[in-house]
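First comes the structure, then the notes that go with it.
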Amino acid sequence: RLKEFEWLAELMREVEDALEGTGLLEVIFYATATKANDFRSVFLEYFEETSQLFAARSALTNTRGYSIFGRPDFDKLLSRVAGKEQTLRKTVGVYTCGPPPMTGSLSTAVRTYNERRLKMHDTESCTFRHFYQNFG
């Protein structure tokens, strides 16, 4: 698993560097294998917050993005991104790397969001496209 993580972190850094200053990329890394209130998870969260505060970089990925420990709320995340002014009337790519159940959940959330947008005849909000790499 470490090789997949290293590959993903390196790819995230390369893409981030290539798009620096464009406002086209936001990196959020979810460490889903952690457990709430586990000593290791609490320590990692503290370490990540400290790294963000002092270095403005993720301690886990060494990107300008940030890491969150736990499972993402995809509906909330998509709504937050869709609400940003720079995403209006755009197609937004969502890239994930993880096990099939996780990428499947995000694919479902993207499809649901896009279908809801169409039913409401919403021409202002963005459309999401999901790209993924499975492992595990």
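Quick notes
- Acute angle (nearest 10 degrees) that the helix 39-55 long axis makes with the longest principal axis of the chain, alpha-carbon atoms: 80 degrees
- Mean residue ellipticity (222 nm) of the chain, computed from DSSP H runs ≥ 4 via -39,500 (n - 2.57), nearest 500: -15500 deg cm²/dmol
- Helix 2-18 vs. the chain, principal-axis angle (Cα, 0 to 90°, nearest 10): 60 degrees
- Over the stretch 1-100: Kirkwood hydrodynamic radius from C-alpha pairwise inverse distances, Å: 14.8 Å
- With all protein chains kept in place, the per residue accessible area of the stretch 78-136 amounts to 64 square angstrom at a probe of 1.4 angstrom.
- The Cβ shell under 15 Å around residue 75 holds other residues with a net charge of +4, Lys and Arg each +1, Asp and Glu each -1.
- Carbon/sulfur fraction of accessible area - the chain, other protein chains in place, 1.4 Å, %: 57 percent
- Spin-label pair residue 90/residue 134, simplified geometry with 7 Å Cα→Cβ offset, distance in nm: 3.0 nm
The values are calculated or read from the model by the stated rules, or taken from the named source; none is laboratory data. Nothing here was measured: the structure is a model prediction, and the numbers come from that model. Because the Cβ atoms are built from the backbone with ideal geometry, glycine has one as well, and the counts that use them run over all protein chains shown. Protein only, heavy atoms only, side chains kept; ligands, DNA and RNA dropped before computing areas. Shrake-Rupley method; radii C 1.70, N 1.55, O 1.52, S 1.80 Å.
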